[in-house]
Amino acid sequence: MDVTKSAKVTAYAQVKDWIKESILSGEIPAGSRITVAEIIEKYGVSQMPVREAFQILQGEGFIELLPHRGARVLSLTPQYLANIYEIRGVVEGLLAKRSMPNLTLSGLNRLKELNRQMEAMVGEGIAAEELVKLDRQFHVAIYENSNNPEGMQIYEKYVGLIGSLRNKYGYGTQRLGDMVKQHWLMIEALQNQDADTLVQIVHAHSEGAKLDLLNAMEAKG
């Protein structure tokens, strides 16, 4: 095992998580500027992991890099998040449609197993963080069959941002039940090779997720 490489990966991942948590908690306010030097001084780390963390956070939609001036924290406004969900909904519909002919019986069984696990977790009141992971696994298990790596990149772009917001704000009770039901409808459409119905369900799924997250953020201020 390459210990040096492992330590490097751990360092930038840790710095990324520190900055992300500070943004989500409001310690680093939206619109404020942060610099590499500030992060180095605050956390006692070297320059390289900070720069790598900045690159990842920009890719996830948390910050915008400024030439020679560090980065600016993006404002997670309702409109910003609505725009993200609108883009993702269109892309997910396309990926699902393209995946349909390539999904095998074992792939369908995998989707059923993942959704059964989610169904059980919802009934047991499992923490949002675990549901976020399973939900992502479910969607990736469909979309990875699309043979469209560029579309997957767009889908993955905001996974970290939306996942972090879900971990912070959770899900509405109604949303959890709807999410599992919509997953079963997706599986049924995939089995029936019904592309139009599948795309409609995926779009409705994305719209429901958007409204639930925005409502949760508004309720918790």
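In table form, for the structure just shown:
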{"item": "Computed Kirkwood radius, in angstrom, where 1/r is averaged over Cα pairs of the chain", "result": "18.8"}
{"item": "Solvent-free Debye scattering, log10 I(q)/I(0), computed from the Cα coordinates of the stretch 153-221 at q = 0.19, 0.28 Å⁻¹", "result": "-0.83, -1.20"}
{"item": "FRET efficiency, 1/(1 + (r/R0)^6) with R0 45 Å, evaluated for SER22 and GLN200 via beta carbons", "result": "0.70"}
{"item": "Cα-centred dipole magnitude for the chain, charges only on beta-carbon of K, R (+1) and D, E (-1), debye, nearest 20", "result": "420"}
{"item": "Residue-span extension gain [GLU41 to ALA13] - 0.36 nm each, minus C-alpha spacing", "result": "8.3 nm"}
{"item": "With Cα atoms, 0 to 90° folded angle of helix 173-192 axis to the chain main axis", "result": "60"}
{"item": "Helix 78-99 vs. the chain, principal-axis angle (Cα, 0 to 90°, nearest 10)", "result": "50"}
{"item": "Low-density loop positions, chymotrypsin sites (Phe, Trp or Tyr not before Pro), the stretch 130-210 - DSSP coil, at most 12 other Cβ in 10 Å", "result": "none"}
{"item": "Debye, to nearest 20: dipole size of the stretch 49-101, +1 on Lys, Arg Cβ, -1 on Asp, Glu Cβ", "result": "80"}
{"item": "Cβ-Cβ FRET estimate between LEU211 and VAL159, R0 fixed at 22 Å, reported to 0.05", "result": "0.70"}
{"item": "Computed FRET value (nearest 0.05) for MET48 with LEU108, which takes r as the C-beta separation and R₀ as 45 Å", "result": "0.55"}
{"item": "Percentage, to the nearest whole number, of Cα pairs in the stretch 3-73 over 17 Å apart", "result": "35"}
{"item": "Most positive-pole-ward Cα, ILE28, HIS68, ALA53, against dipole of the stretch 3-73 from beta carbon charges", "result": "HIS68"}
{"item": "Angle between the chain longest axis and helix 3-25 axis [Cα atoms, degrees, rounded to 10]", "result": "80"}
{"item": "Nearby lysines by direct alpha-carbon distance to LYS157 (threshold 23 angstrom, same-chain neighbours under 8 apart not counted)", "result": "LYS8, LYS16, LYS20, LYS97, LYS133, LYS168, LYS210"}
{"item": "Cα centre as origin, Lys/Arg/Asp/Glu Cβ charges: the stretch 119-205 dipole, Debye", "result": "340"}
{"item": "Label point 7 Å beyond Cα of LEU66 along Cβ direction - residues of the stretch 23-40 with amide nitrogen under 17 Å", "result": "23, 28-40"}
{"item": "Positive-end extreme of charge dipole, the stretch 78-219 - chosen from LEU94, ALA209, VAL140 (charges on Cβ)", "result": "VAL140"}
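Bear in mind that the values in this text are calculations on the coordinates, not laboratory data. Values in this document were obtained by computation on a predicted structure and should not be read as measured data. Note: ideal-geometry Cβ built from the backbone for every residue, glycine included; neighbour counts use all protein chains shown.
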